[in-house]
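The next block holds one structure in the form of C-alpha cells; read it before the comments.
The values are calculated or read from the model by the stated rules, or taken from the named source; none is laboratory data. What you see is a predicted model; the values in this text were computed from it and never measured. Heads up, the Cβs are rebuilt from the backbone with ideal geometry, glycines too, and the neighbour counts pull from every protein chain shown.
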Amino acid sequence: MARTRTGGGLLCVILMMLAGGARPSAAQTGGREYVGTVGTLKVRMKLTRTPNEWLGSYAYERVGQDIRLGGAVSGDGTFYLNEFNVNGKATAKFEGRFVTDDWIEGTWSPGALGKKPLPFSARAVGGQAIPADDPNDPFSGRYRRVYQGRFDKDTATLDVWRLKDGRVRVSGDAVWVGNAKTGNVNVGDVDGVFNPEGNRLLFRNGDDQGNCNFTVTFGNGALTVTEDNGNCGGVNVTFNGTYRKTGAPGR
C-alpha cells in the first residue's frame, strides 16, 4: 500500500498490495490458523473462508478462552471481523488487510468508550509468505535515513522483512518539513512486496507515470535508496538517501 499526504491536510490513499508484481489473492477458502499479537498480547486465531463470510474464533494465549468472530473479506484484500460475546453482542472489531496471502494486519477496536484501538498482526501457521526470522538474513531490519553522519531532520524510516518464499517486504514513511509552525509538512507512506535481484530491490507501484518507484540497494547494516521518481508522497518528499539499520523491523 502506498499513501501520500500533503501539508494542507489532503489525504490521498492509493491501495497497492503487490506481491512480486501481483496482489495477494485473498481468495483462499477453508480453515487456517494464525498466530500473532493484539497490541503486545499474543493471540491465536482460527478462521474459515466461505464465498460470502469469514468466520471463526480467537483466543489470548494467557487466557485461553475462545472468542467468536464473524466478518468478510473484500476483493482487494481488506477485511473486517466482528468480535462477539457469549450473548451474541458485538463487543469489538478487527479491520485490516492481507499483506500477503499468509500475513494479515490492521487495527483492533474495542466497543467500550474510552478504550484505545490497538494494532494487530497475525501470520498463517505453515505459511510461506511470512517473515523468515532467519538470524543470517542480510535484508531484514528497521532502517533510518542519515545525513552527514546523523539522523536526517527530514525523517525517513523503512521496515524490511525477508519472507520465507524469498520475497522482500518494504514498508515505511518519509517526511519533508518546510515550516512546522504553519503546517507546511508533507509526508509519504509506502508498502509493497517484491522479488529482490541480488542485493537490489526495485520498488515498483506499477508502470503508470504517477506511480511511486525507487531502487533499494542493501549493504552491510545499511541500505541506499536511489531513483525516487517524486511520486511517493507530497511535494518535496523523497525516500532517496543512505539509511542505517537500527534494529528489528516493526509490527
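For the reader, a short list of remarks on this structure follows.
- Per the listing A129, A122, A112, the residue uniquely assigned to a strand (DSSP E or B) and either of a type outside the set (V, I, T) or closer than 17 Å to G70 by Cα (or both) is A122.
- Checked against (1) in contact (Cβ under 8 Å) with a residue 40 or more places away in the chain; (2) among the hydroxyl-bearing types (S, T, Y); (3) loosely packed, with under 13 Cβ neighbours inside 10 Å, T37 meets all criteria but (3).
- Any chance G149 is among the small types (G, A, S) and at pLDDT 95 or above: no
- Restricting L81, L118 to residues that are in contact with a Gly (Cβ under 8 Å, 6 or more places away or on another chain) and within 12 Å of Y34 (Cβ to Cβ) narrows the list to L81.
- Within the set R167, R145, R150, R162, the sole residue that is charged (D, E, K, R) and either touching a helix residue (DSSP H, G or I) at 6+ places or on another chain (Cβ under 7 Å) or without any contact (Cβ under 8 Å) to a residue 12 or more places away in the chain (or both) turns out to be R150.
- K42, sole failed condition from (1) within 22 Å of S171 (Cα to Cα); (2) surrounded by fewer than 16 Cβ atoms within 10 Å (Cβ to Cβ): (1)
- Residue check, D207 at pLDDT below 95 and more than 22 Å from N136 (Cα to Cα): yes
- Checked against (1) out of contact with any Phe, Trp or Tyr (no Cβ under 8 Å at 6 or more places or on another chain); (2) part of a loop (DSSP other than H, G, I, E, B); (3) not hydrophobic (A, V, I, L, M, F, W, C), D191 meets all criteria but (2).
- Failed item, numbered, when W103 is tested on (1) crowded, with 21+ Cβ neighbours inside 10 Å; (2) assigned by TED's automatic domain parsing to the domain that holds T224: (2)
- Counted as qualifying within segment 1-84 are the strands (runs of 3 or more DSSP E) with 2 or more residues that are closer than 30 Å to V237 by Cβ, modelled with pLDDT under 95 and not polar (S, T, N, Q), namely 2-5, 11-14.
- Of the residues in segment 221-240, at least one is without any contact (Cβ under 8 Å) to a residue 12 or more places away in the chain and not in a strand (DSSP E or B).
- If only residues of segment 74-100 that are among the charged types (D, E, K, R) and within 20 Å of the chain's Cα centre (by Cα) are counted, the one that is surrounded by the most Cβ atoms within 10 Å (Cβ to Cβ) is R97.
- In segment 194-210, the residues that are surrounded by fewer than 21 Cβ atoms within 10 Å (Cβ to Cβ), in contact (Cβ under 8 Å) with a residue 40 or more places away in the chain and outside any strand (DSSP E or B): N195, P196, N199, G206
- Within the set L158, L163, the sole residue that is within 15 Å of the chain's Cα centre (by Cα), farther than 29 Å from A72 by Cα and not acidic (D, E) turns out to be L158.
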